[in-house]
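Novice: I'd like to ask you about the structure that follows.
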Amino acid sequence: MSARVFRQAVAAEWGKVWSVRSTWWCLAGGLALMVLSAVAVGAGAATDAVREGGGPIVASEPAVSATIFAQFALVALAMLVVTAEYASGSIRATLQALPSRGMMLAAKAVVVAVVLAVAGVVSALAATLAVGMVLSLEEFGGMVTMPAGEIAQDVLKAGMYFAMAGVLTLGAGLALRSAAGTLTVVFMLLLGVPLLAMMTGSSVAVELSLRMPLFAGLAFMGSTENLTGGPMPYPAAEGLGWLVLWTCSAVIVGFVVLRRRDA
């Protein structure tokens with residue numbers, strides 16, 4: 001398959017994404033959730049720091065923690081890229097125009113990754129600026145710092161996390177083909193199962209949950225929000241490795257189903 005055909009496939013998928021209002025609603029929802037969650041997390045952390053005499057908070061840290069909540073608006077966007085076509089039957093027209101199912105999947109994955117990466121960077125940056133403005137107020141004791149290097153790193157990592165979570169969702173959507181089913185499975189994978197495993201108190205269950213996509217992503221982004229009260233048990237590079245493994249596994253499962261089942 002030529003590079004020209006692939007570029008045309010990516011352009012077609014790009015046009016589909018921006019031609020529907022749901023894309024804009026999902027992006028707006030993700031931005032709002034990111035900003036509001038980050039401000040709430042930051043305000044709580046600053047209040048505790050003032051009370052306990054702690055040091056100032058890096059403005060991007062609450063934004064990283066806010067990805068736990070904001071991710072689902074962007075995950076919904078990634079889900080609709082494929083499930084909306086199955087619901088409307090337009091997937092048949094897509095496959096007639098591009099018979100190579102692998103190329104179709106690759107084109108959708110590229111578009112999802114780019115859109116969610118940019119959305120993640122913009123949302124994280126907006127949340128960081130909002131946290132910086134709010135925590136600089138006298139009510140919070142000015143307990144905030146904004147080191148450019150650390151903020152840039154956190155913002156870029158947030159974009160990478162959203163991109164991989166989106167591609168993971170795309171793989172799940174291809175496997176399940178149902179919006180409700182995909183959203184349920186992805187929600188349980190990203191949040192439900194890890195939290196339930198944490199609640200068991202079992203050391204084995206906790207260790208397994210810390211290797212699931214959410215906590216792997218938080219480790220990659222340098223967050224300590226793992227609900228255990230302590231630091232992540234492995235470095236950022238390993239967190240990225242686990243996240244890539246989960247994403248690739250979801251894409252492989254989606255591709256296998258896509259090849260074996262009729263549209």
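The values are calculated or read from the model by the stated rules, or taken from the named source; none is laboratory data. Given the structure is predicted, the values throughout are model-derived calculations rather than measurements. So basically every Cβ, Gly included, is an ideal-geometry build from the backbone, and we count neighbours across all protein chains shown.
Novice: Among the residues in the range 25-35, are any touching a helix residue (DSSP H, G or I) at 6+ places or on another chain (Cβ under 8 Å), surrounded by fewer than 19 Cβ atoms within 10 Å (Cβ to Cβ), in contact (Cβ under 8 Å) with a residue 12 or more places away in the chain and not in a helix (DSSP H, G or I)?
Specialist: Within the range 25-35, not a single residue is touching a helix residue (DSSP H, G or I) at 6+ places or on another chain (Cβ under 8 Å), surrounded by fewer than 19 Cβ atoms within 10 Å (Cβ to Cβ), in contact (Cβ under 8 Å) with a residue 12 or more places away in the chain and not in a helix (DSSP H, G or I).
Novice: Kindly list the number of the only condition in (1) crowded, with 21+ Cβ neighbours inside 10 Å; (2) touching a Ser or Thr at 6+ places or on another chain (Cβ under 9 Å); (3) part of a helix (DSSP H, G or I) that fails for SER223.
Specialist: (3)
Novice: Please determine, by comparing only the residues of the range 137-153 that are under 10 Å from ALA59 (Cα atoms) and either of a type in the set (Ser, Thr, Tyr) or in contact with a Ser or Thr (Cβ under 6 Å, 6 or more places away or on another chain) (or both), which one is modelled with the lowest pLDDT.
Specialist: By that ranking, first place goes to VAL144.
Novice: Could you say whether any residue in the range 159-180 is among the charged types (D, E, K, R), assigned to a helix (DSSP H, G or I) and touching a residue at least 12 places away in the same chain (Cβ under 8 Å)?
Specialist: There is no residue in the range 159-180 that is among the charged types (D, E, K, R), assigned to a helix (DSSP H, G or I) and touching a residue at least 12 places away in the same chain (Cβ under 8 Å).
Novice: Which residue is surrounded by the fewest Cβ atoms within 10 Å (Cβ to Cβ), if the candidates are limited to the range 71-89 and must be among the polar types (S, T, N, Q) and modelled with pLDDT of 90 or more?
Specialist: Among them, the one singled out is THR83.
Novice: Can you name the residue in the range 180-220 that is of a type in the set (S, T, N, Q) and surrounded by fewer than 22 Cβ atoms within 10 Å (Cβ to Cβ) and is also modelled with the highest pLDDT among such residues?
Specialist: THR184
Novice: Let me ask another. Could you please let me know if GLY120 is assigned to a helix (DSSP H, G or I), farther than 15 Å from ALA73 by Cα and not charged (D, E, K, R)?
Specialist: Spelling it out, it is not the case that GLY120 is assigned to a helix (DSSP H, G or I), farther than 15 Å from ALA73 by Cα and not charged (D, E, K, R).
Novice: Select from the range 1-24 the residues that are not in a helix (DSSP H, G or I) and not small (Gly, Ala, Ser) and write down the one among them that is surrounded by the fewest Cβ atoms within 10 Å (Cβ to Cβ).
Specialist: MET1
Novice: Next question. Assess whether GLY173 counts as being farther than 29 Å from GLY54 by Cα and either modelled with pLDDT of 90 or more or not charged (D, E, K, R) (or both).
Specialist: So GLY173 fits the description; yes.
Novice: A follow-up question, please. Starting from residues that are touching a strand residue (DSSP E or B) at 6+ places or on another chain (Cβ under 8 Å) and polar (S, T, N, Q), keep the ones in the range 109-161 and report whichever is nearest to GLY173 (Cα to Cα).
Specialist: Restricting to residues being touching a strand residue (DSSP E or B) at 6+ places or on another chain (Cβ under 8 Å) and polar (S, T, N, Q), the top hit is THR145.
Novice: Please pick out the residue among MET104, MET133 that is touching a Ser or Thr at 6+ places or on another chain (Cβ under 7 Å), in a helix (DSSP H, G or I) and of a type in the set (A, V, I, L, M, F, W, C).
Specialist: From the options MET104, MET133, the qualifying one is MET104.
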